[in-house]
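First the structure, in the form of structure tokens, and then the observations on it.
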Amino acid sequence: MLNCKDAYLVTLLLSFCAGDAWSQTVAGVIRDSQGASLPSAVVTLTARDNTTQATVLSDTSGRYRFDRVSPGAYLIEASAEGFERSGAPPVTVEKADVSVDLELRVAAVETKVVVTASGTAQTTDEVAKAVTVVDGQAIDLRDQSSVTDALRFVPGLRVQQLGGPGGLATIRTRGLRSQDTAVLIDGFRLRDASAIQGDASGLLEDLMVTDLDRIEVMRGSGSSIYGTDATGGVINIISGQGGGLTRGSLLAEGGTLGLFRGRAGVAGSFGGGRVNYSAGLAHLNIWSGIDGDHPDRTSNLQGSLDYTASASTHIFGRIFVADSLSRVDSSPGSVGIVPATGIVDAVPLSTAELHRYESGTPISVLNVGSATFIPDANNPDDTRAARTFSGAVRLNSHVNDSLSLTGSYQGLVTRRRFGDGPAGVGFQPGGTSLTFYDSDIHTANARVDWRAGKYQWIDAGYEFEYEKYGNHAQLPDPAANYVVDVNQISNALFVQDQVHLLGDRLQIAGSYRAQFFSLRQPVFQPLSSAPYAGMNFPSPPTAQTGDGSAAYFFRRTGTKIRAHVGKGYRAPSLYERFGTFYGTFGYSAYGDPRLAPERLVATDGGVDQSLWNGRAALSATYFYTQIQQAITFDSAGVITPATDPFGRFGGYRNTQGGLARGVELTANLAPARGLNLASAYTYTNARERTPLLGVTIQSYVVPAHQFSLLATQRITSRLTIVFDVLVSSNYLAPMFNPATYASRVYRFPGTGNAELGGSYRIPLSEHQALRFFAKVSNLANQTYFESGYRTPGATGNGGLQFEF
């Protein structure tokens, strides 16, 4: 008798052997709004269950063709240089070939295919959640080299980078913390188990625009689909699409700060179109940086391969590699005379006095004046080195036109090293210290997608994950060296039901996820005086999360109303439970093995309105997030050795959480031929239930108001001008006082950064072109500090790209 594993293998084998016996063809013509055929258009066919995706190029007569298409439900879309993406009409493949012609318009607000909202393919007209798509072509037009730069203008997101390129980057969604936003690459989680919160925040600064098709941002809880860290939102980085004729590009750029950026990319297919591939290599080198002595080097390799073994069997593989080395400055700190209580207005120490401080002048003899803080100071031998490798493979088998099976695996390895020598200001080690943070995460997933009739899709599955956190140090005093090794496994079951009614005008979806954890015995060296000795360590409790959404689309008026509610869950990280520091005086324990998980409930509702024959799209969303239980680091004396079972003077503990509520307004317009405008405004009111410091309950680093405007004007078929501006109100951030060993709350002014760029493209042949581009950032040369860290003034970059 067959067991479940044998049955799956037999089914997979039979579907593979079926070959092309029941495959069909999807073909058609790509035309512009005048009826002329468009050659070299990129046409993408995506299965509704997101298990397969194929890409081809239209030929010289605008014709395209997909062979070996298995029966099922699909979405199809097309794009071409100088045109907006087509709509994404649904396509049903049954027992006959299908013909679909598509039209591309010069100026319109796009309808796109997205997969992040539900894990399955949907058009933006169908999505019941707040989703923004950042297109790869738009990122290139704006000369944005990093993922964080590309996300700054997304409504509801607060992107912060501490200093210039290479500085720590964080993303906060709708007033929540950085650990509340999950980051994915092609639907696979990207995170660092050795990070303080076990999230992706320590990796964001290394994510470059390398082999990128688009970035999808879903705001609102996604825990029931994507698990831990998806409590506030999800960012999904979609790799470039292969298929069609071989094509690619070579890019070189230089500019201020001693900047050099290079990028190479290639995509295409071989094996008669059975194998589609896409790959990119990017390198960023900052020779001087903000203060002339702040180098940074980052390299990314990203690529994917999609093999159509038969009409029913597809194999997808992807790799991502990042390698970086950057300088780490000393943290900003309080200085001068500040009020005894209340919020301190942030006034920086002058540049001249900062240089004196960096040269060794004691704080007591500096001309502080009215300054209230010292910005980040140069530390010439403090460095951060990081390496990340992610390899993923996904096998999909279409058993029939309504049932498919998917198995996937991802191996994710991160290695971070911090080195510090005796040079620099403030406390410095007597020699060279090296601290290592290692993370290994292995994730396996099995999923069933079932089309239960014409109007219902059900997907369910199982996920296994193993994560390991390692921390060790090589210090000037070998007696202070230490090793920490902690790992755990988790098992999760999930199910999602999507119903489409009333001619697809009504979309209803619900999902549920249960995750179970099992902790392994942690290891601490040296064993003498090791913390948590002789204890039985409980595993985090079972996570049960749910999600519900609904949308109704009034086609006659172009109006969609939508609502979404989700229960979020974040398991305490291994560091939050077992984080320590070891020195000549012994162990200092920060973690608490008893920590309860973070829980929240997020709701939002909104209206999307299409106007002016699709050339205008307006959206309004109200969101309300209630954090029912959170984890915080306590340094205010709540934790004391007299009451703490681990003898801690401070560390991680549970708090009551808080509230975040607000409004997101967006407007996307195509008012004239070649002109596209995108604006967004976000109001956020984020408050803590328990004061963070003193009586301050306003959440850190989240401005109440943020406004952005993106303008793209295609002046001719060759020349494009881009302009963008980001304006925000002030915000609060903590600042440590090295003299009193206490922190205070500072109010920092908001930003008003504007950028202007241009791109000129010269066709060389049918498939070759040369593009020149340039950009000036911070046009007003604003002096601005992110939580006390200096940011660049006005900068200029320029370069060229060869397309083939």
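Throughout, read-outs are computed from the coordinates displayed, never taken from laboratory work. This is a predicted model, so every value here is computed, not measured. Backbone-built Cβ (ideal geometry, glycine too); neighbour counts: all protein chains shown.
In plain terms, the chain from Ile697 to Trp287 could stretch by 143.5 nm, reckoned as 0.36 nm per residue minus the Cα-Cα distance. Residue-wise HN-Hα couplings along region 592-597, as the Karplus relation 6.51 cos²θ - 1.76 cosθ + 1.60 with θ = phi - 60° gives them from phi, are 10, x, 8, 4, 8, x Hz; Gly and Pro carry x. Of the peptides 252-261, 367-376, the order by per-residue mean of other Cβ atoms within 10 Å, starting with the highest, comes out as 367-376, 252-261. Note on region 147-214: Cα-Cα pairs beyond 15 Å make up 53% of the total pair count. Dimensions of region 394-479 along the principal axes, based on C-alpha atoms and rounded to the nearest Å, stand at 70, 24, 15, largest first. Among the listed pairs Lys112/Lys775; Lys567/Lys775; Lys454/Lys560; Lys468/Lys567, those with a Cα-Cα distance over 31 Å are Lys567/Lys775. A protection proxy built from the mean count of other Cβ atoms within 10 Å ranks the segments 534-546, 413-425, 310-322, most packed first, as 310-322, 413-425, 534-546. Distance distribution P(r), region 166-287, all Cα-Cα pairs, bin width 5 angstrom from 0: 2, 10, 16, 17, 16, 14, 13, 9, 3, 0 percent.
Rounded to the nearest 20, the Cβ-based charge dipole of region 510-664 about its Cα centre (Lys and Arg +1, Asp and Glu -1) stands at 560 debye. Applying 1/(1 + (r/R0)^6) with R0 = 51 Å to the Cβ-Cβ distance of Arg687 and Ala479 gives a FRET efficiency near 0.65.
Take every pair of alpha-carbon atoms less than 8 Å apart whose residues are at least six positions apart; their mean separation over the length of the chain yields a relative contact order of 11 percent.
From least to most packed, judged by other beta carbons within 10 angstrom and beginning with the fewest, Arg327, Arg594 follow the order Arg594, Arg327. Cα-based radius of gyration for region 721-804, normalised by 2.2 N^0.38 Å, reads 1.69. Placing a label point 7 Å from the Cα of Tyr622 along the Cα-to-Cβ line, the residues of region 564-601 whose backbone N sits under 17 Å from it are 564-566. Listed from fewest to most Cβ neighbours within 10 Å, the set Phe736, Phe516 follows the order Phe516, Phe736.
Derived scalar couplings between HN and Hα for region 668-681 equal 10, 10, 10, x, 8, 4, x, 10, 10, 10, 9, 10, 8, 10 Hz in order, rounded to whole Hz, by the Karplus curve 6.51 cos²θ - 1.76 cosθ + 1.60 (θ = phi - 60°), x for Gly and Pro.
All Cα-Cα separations within region 362-412 were binned at 5 Å from zero, giving a P(r) of 4, 10, 11, 9, 8, 6, 6, 6, 6, 6, 7, 6, 6, 4, 4, 1, each value a whole percent of the pairs. Summarise the long-distance tail of P(r) for region 577-697 by giving the % of C-alpha pairs beyond 17 Å. Of all Cα-Cα pairs in region 577-697, 69 percent lie more than 17 Å apart. Annotation: the antiparallel percentage among DSSP beta bridges lying fully within the chain is about 95. Note on Phe516 and Glu766: the model spin-label points, each 7 Å out from Cα along the C-beta direction, lie 6.0 nm apart. Just how many % of Cα pairs in region 389-533 lie over 25 Å apart, if you round to the nearest whole percent? Cα-Cα pairs in region 389-533 separated by more than 25 Å: 55 percent. Computed per residue of the chain from DSSP H runs no shorter than four, each worth -39500 (n - 2.57), the mean residue ellipticity at 222 nm is -1500 deg cm²/dmol.
Taking amide H atoms as placed 1.01 Å from N in the peptide plane, the amide H of Asp634 lies under 5 Å from those of Gly651, Tyr652, Arg653, each 5 or more residues away in sequence or on another chain. Cross-link partners for Lys95 among the aspartates and glutamates, with Cα-Cα distance under 15 Å and sequence neighbours closer than 8 places in the same chain left out: Asp20, Asp67, Asp401.
At an R0 of 22 angstrom, the distance between the Cβ atoms of Ala444 and Gln544 translates into a FRET efficiency of 0.55.
Once backbone amide H atoms are built at 1.01 Å from N, Gly187 has Ile237 as its partners under 5 Å, excluding neighbours fewer than 5 places away on the same chain. What the phi angles of region 256-272 give under the Karplus curve with 6.51, -1.76 and 1.60, with θ = phi - 60°, is a coupling list of 5, 6, x, 8, 9, 10, x, 8, 10, x, 8, 8, x, 8, 8, x, x Hz, glycine and proline written as x. Toward the positive end of the charge dipole of the chain, with +1 on the Cβ of Lys and Arg and -1 on the Cβ of Asp and Glu, the farthest Cα among Thr341, Thr545, Leu184 is that of Thr545. The Rg/Rh ratio of region 598-666, with Rg taken over Cα atoms and Rh as the Kirkwood radius over Cα pairs, comes to 1.36. On full extension, the segment bounded by Phe633 and Asn781 gains 49.6 nm, given 0.36 nm per residue less the C-alpha separation. Evaluated at 37 °C with a viscosity of 0.692 mPa s, what Stokes-Einstein diffusion coefficient in µm²/s does region 55-214 have when Rh comes from the Kirkwood expression over alpha-carbon pairs? D = 180 µm²/s. Hydrodynamic estimate: the Kirkwood radius of region 496-606 over Cα pairs, inserted into Stokes-Einstein at 25 °C and 0.890 mPa s, corresponds to D of 137 µm²/s.
The amide H of Asn50, built 1.01 Å from its N in the peptide plane, has Ala121 as neighbours under 5 Å, considering only residues 5 or more places off or on other chains.
Put simply, region 644-705 fits an ellipsoid with semi-axes of 43, 12, 9 Å; these come from the alpha carbon gyration tensor as the roots of five times its eigenvalues, largest first.
Taking the three principal axes of the alpha carbon atoms in region 328-445, the coordinate ranges are 78, 39, 23 Å, sorted in descending order. Compared with the direct C-alpha span, the chain from Thr341 to Glu81 gains 87.8 nm at full extension, assuming 0.36 nm per residue.
With each label modelled as a point 7 angstrom along the Cα→C-beta vector, the Leu756-Ala252 pair spans 2.8 nm.
Hydrodynamic estimate: the Kirkwood radius of the chain over Cα pairs, inserted into Stokes-Einstein at 25 °C and 0.890 mPa s, corresponds to D of 88 µm²/s. Spacing of the modelled spin labels on Leu502 and Phe418, each 7 Å from Cα toward Cβ, amounts to 5.5 nm. Look at the dipole of the chain built from charges on Cβ: of Thr383, Ser397, Ala686, the Cα furthest out on the positive end belongs to Ala686.
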